[in-house]
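S.K.: Below you'll find the structure I mean.
The values are calculated or read from the model by the stated rules, or taken from the named source; none is laboratory data. What you see is a predicted model, and the numbers here were worked out from it, not measured in a lab. Please note: Cβ atoms are built from the backbone with ideal geometry, for glycine as well, and neighbour counts cover all protein chains shown. What goes into the accessible areas is simple: the full protein's heavy atoms, side chains included, and nothing from ligands, DNA or RNA. Shrake-Rupley method; radii C 1.70, N 1.55, O 1.52, S 1.80 Å.
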Amino acid sequence: MNKKPSKPTCCPTEYPYHGKELSRINRAIGQLEGAKRMIEEKRYCPEIITLLRGVRAAIKSVEGNILETYLGSCVTNAFQSNDEKNKKQKIEELKAIFKRFDD
């Protein structure tokens with residue numbers, strides 16, 4: 001019998017909702033589409049780079065907000081519980097997240 005791997009536990013009931021980030025993501029997608037158009041139109045390099053930096057800043061903002069929510073909900077809940085395994089899991093998750101950051 002094949003068992004599906006279980007999702008990591010986060011919060012007592014469900015994962016936090018990040019719907020407020022959707023508008024920021026949509027804005028970044030729009031900026032990225034704009035950069036693509038600028039490249040197709042052979043626009044001036046500094047204009048393209050400026051727009052791409054805006055995309056990067058928007059994504060970093062979304063990333064930071066989601067990390068803040070994760071720390072304030074999932075990690076906080078783990079450390080308020082008596083579940084040592086869950087606490088260690090959250091520490092390992094955080095270490096993995098920060099290892100992937102390149103700037």
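S.K.: Would it be correct to say that Lys36 is assigned to a helix (DSSP H, G or I), open to solvent by 100 Å² or more (accessible area, probe 1.4 Å) and out of contact with any Phe, Trp or Tyr (no Cβ under 6 Å at 6 or more places or on another chain)?
M.R.: Yes; evaluated as a whole, the condition is true for this residue.
S.K.: Before we move on, is Tyr44 hydroxyl-bearing (Ser, Thr, Tyr) and open to solvent by less than 100 Å² (accessible area, probe 1.4 Å)?
M.R.: Spelling it out, it is not the case that Tyr44 is hydroxyl-bearing (Ser, Thr, Tyr) and open to solvent by less than 100 Å² (accessible area, probe 1.4 Å).
S.K.: Note down all Cβ pairs under 8 Å where the first residue falls in the range 57-70 and is more than 14 Å from Lys90 (Cα to Cα), the second is loosely packed, with under 13 Cβ neighbours inside 10 Å, and they're at least six residues apart or on different chains.
M.R.: So the pair list comes out as Asn65/Lys20.
S.K.: Run Gly54 past the list (1) open to solvent by 100 Å² or more (accessible area, probe 1.4 Å); (2) under 28 Å from Tyr17 (Cβ atoms) and report the number of the one that doesn't hold.
M.R.: Failing condition for Gly54: (1).
S.K.: Let me ask another. Name the pairs: first residue in the range 81-97 and among the small types (Gly, Ala, Ser), second residue outside any helix (DSSP H, G or I), Cβ to Cβ under 9 Å, at least 6 apart or on different chains?
M.R.: Final answer for the pair search is Ser81/Pro12.
S.K.: Right, here's the next one. Those residues that are loosely packed, with under 13 Cβ neighbours inside 10 Å, hydrophobic (A, V, I, L, M, F, W, C) and closer than 20 Å to Glu21 by Cβ, I need them from the range 72-97; list them, please.
M.R.: Selection gives Ile97 alone.
S.K.: Can you pull out the helices (runs of 4 or more DSSP H) entirely within the range 42-103 that have at least 2 residues that are under 18 Å from the mean Cα position of the chain (by Cα)?
M.R.: In the range 42-103, 45-70, 84-100 are the helices (runs of 4 or more DSSP H) which contain 2 or more residues that are under 18 Å from the mean Cα position of the chain (by Cα).
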